[in-house]
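Worksheet for the structure shown next.
The values are calculated or read from the model by the stated rules, or taken from the named source; none is laboratory data. This structure is a prediction, so every number in the text was calculated from the model and none was measured. When we count neighbours, we look across all protein chains shown, and the Cβ atoms used for this are built from the backbone with ideal geometry, even at glycine. Remember, those area values only see protein heavy atoms, side chains included, never the ligands or the DNA or RNA. Shrake-Rupley method; radii C 1.70, N 1.55, O 1.52, S 1.80 Å.
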Amino acid sequence: MAGLNNLINEAHRRSLWQVLGIYLVASWLVFQVVQTLTEGLGLPDWVPPFALILLLIGLPIVVATAFVQEGGPAAGSKADVTADRAVEAEGAGGSEGLAPHGDATPPSPSPELEAELGAHHRLFTWRNAIVGGVLAFALLGVLTVGYMATRSLGIGPAATLVARGVIDEREPILLADFKSTDSLLARAATEAFRVDLSQSPVVRLVEPGFVAGALERMNRQPGGGLDVELATEIALREGIQAVIAGEIVRAGGGYVLSARVVSPADGASLLSHRETAADSTKIIPAIDDLSERLRERIGESLISIRRDPPLERVTTPDLEALRKYSQAIRAIEFEGDRARGISLLGEAVALDTAFAMAYRKLGVVLANRVEERARVVAAFTKAYEHRDRLTELERYITTGSYYSMAHMDLPRAMAAYENVLALDPTETTALNNLGVAYQALRDFARAEKLSRRAEEADSSSALYSVNVAAVRVAQGDFEGARERLESAAVRWPNNPWVDMRAGSHAAAEGRYDEARSRFEAARAKESGSLARQAAAERRLASVDAIEGKLRAARERQAAALELDQARGLGAEYLADAAWAVRLSGALGVDRDLALDELSAALDQYPLGSLDPLDRPYVALALAYAAVGLTARADELVEALEAEVAPDLRVDLFLDWPMLARGYIALERGQYEAAVDYFSGLTQGLCQLCGVFELAQAYDLAGQVDSAVATYERYATTPRIAPRTTDPFALAPTLERLGQLYDERGEWAKASEYYARFVELWKEADPELQPRVQDAQRRLDEIFAQQG
């Protein structure tokens, strides 16, 4: 009461203009507090406007009160003795009168005027004004608390779908394509809506890969769009509880955008909302508002929604760039046309040179083809430079990609992916890429756990099942890997990547006929992709080479060269030609022929015509070192080190320059240096790269025990990618182990490895058969002598 009286007394001492100024300042402070509480506590958007209306209503009341209380008809009249002051005197505990303003006695007002003034004084008092304002804001507080309570408890019109139990948090929701007479606009709106919804910790959209798989199971073509009817059918088949459908309609010069959440069971609309856009430049902000309203009504907290940056900031303000991006996503994810998708992404970033999301997608698609490294690095670098144009989640993913696929820094990449998983433990890109990073660190148990988490989070993608199989192979669990791949082949019968992984697994176990069959199946399924066909041809060449069928291997590699040439990829063409030279050097046949072909390839694609990042320096250095041309190999490694930054010379697979230096040292007879180089290859996805060569270095240095142990390591270590090393090293390893155990009088071991070598090369080319015959002859002698 004393505080209120003090406030009233202070109001009496101020003039009308002073009271008005104080009220305006106080109103501004109150509004700032309301806005702060709205943001901090996640209050509804209508709270600040409601508070502003109350403050505006209070303004004329304060002015009128000040006028009545302080600006009566004449100084010293009865109007100066207000009902307010009588109340104040009572509150102070006395009835002491007020001193008159002067000696003159003013004339008394008429009874009618005196009655009117008395009524005004009783109504427009500072006590009434202050108490009324407090009650008004108390009413606002009650309304706000009631709204928040009914929203959380699932009661009334404010109830969310999650609170009502219609859907659960993070339960998959299928996003149908927006409907519009402008199909490109509809696709752009759909993709923008997907981006905005992906920021939600409550909403989890079904991945495009899952949709493509569902369409395949329904014998539908995946490139035909996903209208609400088809989306509803998929949802019913796959047990998805909700579908989001949107529509864009022209309205004069503007647009009306609407979205609704539909129940697949009966087609009922669970909630809906609409926004308007004055013209095409306002469509992206309207989509942002539309998505936010849906997220709120589904059950996301307002704090979370407001924390997200505007949609145009995390995508692009250029609608045409967004159109190109959405077309690219459809071409890549649904139509399988990666070449067209890459082209469209290039057009998108040309329209908006800061379109980070498009740059990141371009980098991912190019990196998955394991080609055009300069473009991969450029795309990820641009995405990283403009990462402020991404959502928080995408920002961390882009950082991880940048440090694992461009400027190599594995600890920083892994930290970025860990940050993603702290925000969303089910984010499959982070789970998968972090698993790959642990593969590079040779921590296969942890890599498998992450791949299995990715598989559980998105069972629609074959990639995660394939990766689980790969790390099981690395751990020696061949049976578990085979079971996973057989299950994947049943679920994704038309997925060539399943065949490729199954082929590599078969080759790792020595089932080479089966490996050929699976690689050929993959090639047949990739009839529309020259890049994937070339990859299949390379793997077929490697299987032939492992078995000593060099002519067949060269024919396969020639097919890959033709595909490289058809795509105009000089770097890949040179790398494939270098592979043939390295194979000839490792096995000691056709060296001159292979070198002639490599020289012709370099004439066709001079190194100077390629970007330094695309020049296959290491592949060429390994090839020249393998045939004894160490000076040329040394020049190539020096050129690499001069022209390419250190963090761009290595990748997730290996420290390639170190491998090349080791080869050069080995060929020059510098065995101690070679051991140091090869021993330093302790991480990378190629876990057997340098192991055979390390064994050779020990062998040639006369360190027989170390040589035997290292050859054994090569022969017995489960391999994920046999193509990388086995064509050059498996047969020579088995042959040399047989000889070393023979020299040491360990007949059982010698017999084992001679027999494995003979079995592996039993159908090898004629020029290799003398080595097979020597091994068979010695094997027969051991059997005859030892029984």
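Taking the condition farther than 22 Å from GLY213 by Cα, open to solvent by 30 Å² or more (accessible area, probe 1.4 Å) and outside any loop (DSSP other than H, G, I, E, B), does ARG453 pass?
The answer is no for ARG453.
Does segment 639-660 hold any residues that are in a helix (DSSP H, G or I) and open to solvent by 50 Å² or more (accessible area, probe 1.4 Å), and which are they?
Those that are in a helix (DSSP H, G or I) and open to solvent by 50 Å² or more (accessible area, probe 1.4 Å): GLU641, ALA642, GLU643, PRO646, ASP647, ARG649, TRP656, MET658.
So in segment 215-229, with the set limited to residues that are in a helix (DSSP H, G or I) and over 16 Å from GLU335 (Cβ atoms), which one is modelled with the lowest pLDDT?
Applying the filter and picking the extreme gives ARG217.
Could we say that ALA748 is touching a residue at least 24 places away in the same chain (Cβ under 8 Å) and either within 30 Å of ASN467 (Cα to Cα) or surrounded by fewer than 22 Cβ atoms within 10 Å (Cβ to Cβ) (or both) here?
no
Which residue is surrounded by the most Cβ atoms within 10 Å (Cβ to Cβ), if the candidates are limited to segment 187-210 and must be closer than 16 Å to ILE248 by Cβ and not β-branched (Val, Ile, Thr)?
ALA189
Residue by residue, here is whether (1) within 22 Å of ALA580 (Cα to Cα); (2) touching a strand residue (DSSP E or B) at 6+ places or on another chain (Cβ under 8 Å); (3) modelled with pLDDT of 95 or more; (4) of a type in the set (Gly, Ala, Ser) holds:
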| site | (1), (2), (3), (4) |
| --- | --- |
| PRO606 | yes, no, yes, no |
| LEU620 | yes, no, yes, no |
| VAL627 | yes, no, no, no |
| VAL637 | yes, no, yes, no |
| PRO646 | no, no, no, no |
| ASP651 | no, no, no, no |
| TRP656 | yes, no, no, no |
| GLY662 | yes, no, yes, yes |
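State yes or no: is ILE303 closer than 17 Å to VAL202 by Cα and β-branched (Val, Ile, Thr)?
yes
Of the residues LEU737, LEU760, only one is of a type in the set (A, V, I, L, M, F, W, C), buried (at least 22 other Cβ atoms within 10 Å of the Cβ) and under 20 Å from LEU587 (Cα atoms); which?
LEU737
Of all residues in segment 387-420, how many are in contact (Cβ under 8 Å) with a residue 40 or more places away in the chain, part of a helix (DSSP H, G or I) and among the aliphatic types (A, V, I, L, M)?
Counting residues in segment 387-420 that are in contact (Cβ under 8 Å) with a residue 40 or more places away in the chain, part of a helix (DSSP H, G or I) and among the aliphatic types (A, V, I, L, M) gives 3.
Wholly within segment 566-638, which helices (runs of 4 or more DSSP H) include no fewer than the required count, namely at least 3 residues that are open to solvent by 30 Å² or more (accessible area, probe 1.4 Å)?
Helices (runs of 4 or more DSSP H) meeting the threshold: 570-587, 591-604.
If a residue must be in contact with a Phe, Trp or Tyr (Cβ under 6 Å, 6 or more places away or on another chain) and surrounded by 15 or more Cβ atoms within 10 Å (Cβ to Cβ), how many such residues does segment 697-709 contain?
Selection size over segment 697-709: 4.
Yes/no matrix, rows are residues, columns are (1) of a type in the set (Ser, Thr, Tyr); (2) modelled with pLDDT of 85 or more; (3) over 40 Å from the mean Cα position of the chain (by Cα):
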{"site": "LEU4", "(1), (2), (3)": "no, no, yes"}
{"site": "GLU10", "(1), (2), (3)": "no, no, yes"}
{"site": "LEU16", "(1), (2), (3)": "no, no, yes"}
{"site": "VAL19", "(1), (2), (3)": "no, no, yes"}
{"site": "TYR23", "(1), (2), (3)": "yes, no, yes"}
{"site": "SER27", "(1), (2), (3)": "yes, no, yes"}
{"site": "GLN32", "(1), (2), (3)": "no, yes, no"}
{"site": "LEU37", "(1), (2), (3)": "no, no, no"}
{"site": "TRP46", "(1), (2), (3)": "no, no, no"}
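Report yes if some residue within segment 171-185 is of a type outside the set (Phe, Trp, Tyr), in a helix (DSSP H, G or I) and touching a helix residue (DSSP H, G or I) at 6+ places or on another chain (Cβ under 9 Å); otherwise report no.
Yes, because at least one residue in segment 171-185 is of a type outside the set (Phe, Trp, Tyr), in a helix (DSSP H, G or I) and touching a helix residue (DSSP H, G or I) at 6+ places or on another chain (Cβ under 9 Å).
Test LEU730 against the criterion of being surrounded by 15 or more Cβ atoms within 10 Å (Cβ to Cβ) and without any contact (Cβ under 8 Å) to a residue 60 or more places away in the chain, and give yes or no.
no
With respect to LEU270, is the statement that it is touching a residue at least 60 places away in the same chain (Cβ under 8 Å) and either among the hydrophobic types (A, V, I, L, M, F, W, C) or open to solvent by 10 Å² or more (accessible area, probe 1.4 Å) (or both) true?
yes
For segment 517-528, does any single residue satisfy the condition of being open to solvent by less than 20 Å² (accessible area, probe 1.4 Å), modelled with pLDDT of 95 or more and not in a loop (DSSP other than H, G, I, E, B)?
Yes; the residues of segment 517-528 include at least one that is open to solvent by less than 20 Å² (accessible area, probe 1.4 Å), modelled with pLDDT of 95 or more and not in a loop (DSSP other than H, G, I, E, B).
Pick from GLY435, GLY480, GLY476: which is at positive phi and either modelled with pLDDT of 95 or more or open to solvent by less than 50 Å² (accessible area, probe 1.4 Å) (or both)?
On the way: GLY435 fails: at positive phi; GLY480 fails: at positive phi.
Only one candidate qualifies: GLY476.
Identify the residue in segment 669-686 that is in contact with a helix residue (DSSP H, G or I) (Cβ under 7 Å, 6 or more places away or on another chain) and open to solvent by 20 Å² or more (accessible area, probe 1.4 Å) and, among all such residues, is nearest to PRO727 (Cα to Cα).
Step one: of segment 669-686, the residues in contact with a helix residue (DSSP H, G or I) (Cβ under 7 Å, 6 or more places away or on another chain) are 671, 673-675, 677-681, 683-686.
Now narrow it down to the ones that are open to solvent by 20 Å² or more (accessible area, probe 1.4 Å): 671, 673, 675, 677, 679-680, 683, 685.
Details: TYR671: 23, ALA673: 25, VAL675: 22, TYR677: 22, SER679: 21, GLY680: 23, GLN683: 21, LEU685: 17 Å.
Selected residue: LEU685.
Identify the residue in segment 763-787 that is basic (Lys, Arg) and open to solvent by less than 80 Å² (accessible area, probe 1.4 Å) and, among all such residues, is farthest from ALA508 (Cα to Cα).
ARG778
Quick one: in segment 281-334, of everything that is more than 23 Å from the chain's Cα centre (by Cα) and among the hydroxyl-bearing types (Ser, Thr, Tyr), which residue is surrounded by the most Cβ atoms within 10 Å (Cβ to Cβ)?
SER301
Output the residues belonging to segment 350-371 that are assigned to a helix (DSSP H, G or I) and out of contact with any Leu (no Cβ under 7 Å at 6 or more places or on another chain).
The answer is ALA350, LEU351, TYR359, ARG360, GLY363, VAL364, VAL365, LEU366, ALA367, ASN368.
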